[in-house]
Amino acid sequence: MRKKFQYLLVTTFLVLGFSTSAAAGFYIGLQGGAGIVSDATGSDADGSVNFTYDAGYDGSILLGYNLGEEHPSIGKGRVELEFNTASNDLSGAEFVEGNFGAGGSVERTSIMVNTIGEYTTQSGIIIYALLGLGWAEISLDNVSVLGEPFVDDNNSQLAYQAGLGIGWKLSDHFIFDIGYRYYGTTDPEFTKQDGTNLDYEYASHRILAGLRLDF
Amino acid sequence: MQLRIILLSCLLLVLSGCWTDEPTRSNTFIPLTSIEVSATYQSMANNTVNQYTAMGDFSGSFTRDITAEVTWAIENNTIADVSNAAGSEGLVTALSPGETTITANYDDLSGSELVVVTAAVLAGIEIIPQDAELQVGITEQYEAAGTFSDGSSQDVTILATWESSDMNVATIDNAGLATTLASGSTTITGAWQGIESNASLLVTDATLTAVTITPETATIAQGTTVQFEAEGTFSDDTPQDITDIVDWQSTDNGIGIIDTNGLAEGIAPGQADITASYDVGGNIISDTAVLTVSDAILESIIVTPENSTIQVGENLQYRATGTFSDNSEQDITELATWLTTNNSVGTFRTPDSRGLFSSDASGATIIKASFGGISGETLLTVVE
């Protein structure tokens, strides 16, 4: 976990210093796509179980500011607030004896502060890299194993993400982009139906398409 | 250059979250569907003990020893008593001659077996080993085998009183575990119900110089077991089986675990080192073997001997050989659940030696061995 944050801190500064010229100003945007939650290990007093998920939805509302060329003391790039929600159904649980059916879902609601660096090619394609930090509430909703209730609880944790993508200017004000982001949190802790603790992991691969309106 | 650093950082972040370790939790969500109760001895002499075992079948997916998880009860507690105390669950003590039933209960499920207490009295005791020669600093588990007036035999080790005539040479505890202290000779005595037997113990001044594990490498399928053994070499070049007294460790319990007797179980695919070590006055003597756990899946079971015929009263030891998806074969006799379709012909009554069939009457039955949802079977005919 510590190494992940070290990489985030180092590359945050690199990202801010990696951008070409653009007009300064606010923007709003929408993003949507698929969220693929990584297989996660849940640990309790009896040992560890690996949970698997189906792909689910992932959507965000963006409010940001493009630094353009007008803030040389800070650097170039964009800074934005992202309000995000995502949901994935559980598909199975792996025990020592093998894989078994599991029900329920994992939900995510988060607010992220993202820094984005962009490079515009001669043909006008925008290549961007993104880093973000924020706060996420992770919910395990009605999770059951073979029909037996297991956990129904939520927990808030520090969140982080990193991503890459490409965009196109549709007009002077509208930009369309597609991209990939890796999203993770510090390990959440839940209370199971029997009152005991469950240590969990959460990480997601986000495949997104977005539309941004520059003011 | 900056782009490469950002791309590399993103890749490392992604890769760091891509894999999970193998699970270590048993599935307690699959319902227990049946309990099979068995005992070390078919009958027991009065005042002796007999260990009963409960094997749980979890919806046919897997079986597990649940002796310590069930609640034991005796129908007639004037004939026998059963322990539910930690460490001695299922241990029955005979109180008076007769027959009663023992039941293992788990929630709404139960399994039962007969408890037969005979009026046989102790006729003699044999101490095992009789004439032992051990090195200093070694422990040896003595056993007391009792023979009874009806010709039956039973282990009375934990019932006997143990003594060492020269406690400067060796001591022995209430469970028959002897520890050698110095070179010399002593006499080990085991006594019960007024009958005693002796065995000689010679302790040499040779010290342990090396430990050798066999096999050096072992490959097993996930969920199966392999027995490792440790042989000690001493300063007088004498060998000694020290499997039960060395300290067994696995370098990765997520891949393979090993118990105090050297029995290793494959938990998840991978490789782990198995070490056996012994402390000789602060100097650790050890050896290492490699345990490889494959992801092979059991595909079939062959039960042998096939289509056998025995006489009434005879026993027959069956073996179960599992064939796995990687074309490997493993003896899974000790892991399988053994069943017979016609209990009037005979049953499997000995948990410590699984697969041992004892015949009671003439007839035909199907012998079935099951493990991990896979079964194998064969026909057995019992004749007069």
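Observations on the model:
- Taking every DSSP beta bridge that has both ends in the protein assembly as shown, the antiparallel portion is near 95%.
- Per the Kirkwood formula applied to alpha carbons, the range B:154-272 shows a radius of gyration over Rh ratio, Rg over Rh, of 1.09.
- Distance-filtered residues of the range B:66-94 - backbone nitrogen under 18 Å, label point 7 angstrom along B:Asn174 Cα→Cβ: B:83-89, B:91-94
- Annotation: the residues A:Trp135, B:Trp338, B:Trp192, sorted from fewest to most other C-beta atoms within 10 Å of their own C-beta, follow the order A:Trp135, B:Trp192, B:Trp338.
- Distance from the range B:251-280 to the range B:185-241 (C-alpha centre basis), Å: 19
- Plainly put, the range A:72-195 has a radius of gyration that is 1.13 times its Kirkwood radius, both from alpha-carbon atoms, as the Rg/Rh ratio.
- Compared with the alpha-carbon gap, the fully stretched path from B:Thr161 to B:Glu143 is longer by 5.3 nm at 0.36 nm per residue.
- The orientation-averaged shadow of the Cα convex hull for the range B:298-383, equal to a quarter of the hull surface, comes to 4.9 nm².
- Computed over the range B:254-344, the quotient of the alpha carbon radius of gyration and 2.2 N^0.38 Å is 1.53.
- Per-residue mean of C-beta atoms belonging to partner chains within 10 Å, peptide B:23-35: 6
- Just so you know, the Rg over Rh for the range B:122-204 is 1.00, from Cα atoms, with Rh as the Kirkwood radius.
- Computed from the alpha carbon atoms alone, the convex hull of the range B:208-294 holds 70 Å³ per residue.
- Euclidean distance between Cα centres, the range B:312-370 to the range A:163-215, Å: 56
- Alpha-carbon Debye profile of the protein assembly as shown, log10 I(q)/I(0) at 0.06, 0.09, 0.11 Å⁻¹: -0.51, -0.88, -1.12
- Principal axis extents of the Cα atoms in chain B, from largest to smallest and rounded to whole angstrom, are 90, 57, 38.
- Under Karplus coefficients 6.51, -1.76 and 1.60, residue-wise ³J(HN,Hα) of the range A:77-84 in Hz, glycine/proline x: x, 10, 10, 9, 9, 10, 9, 10
- Pairwise Cα distances in the range B:34-118 exceed 18 Å in 36 percent of cases.
- Counting Lys and Arg as +1 and Asp and Glu as -1 over every other residue whose Cβ lies under 13 Å from the Cβ of A:Phe174, the net charge comes to -1.
Quick note: the coordinates plus some simple rules give every number you see, no bench work behind them. From a predicted model like this one, the values you see are computed outputs, not experimental measurements. Virtual Cβ from ideal backbone geometry, glycine too; neighbours counted across all protein chains shown.
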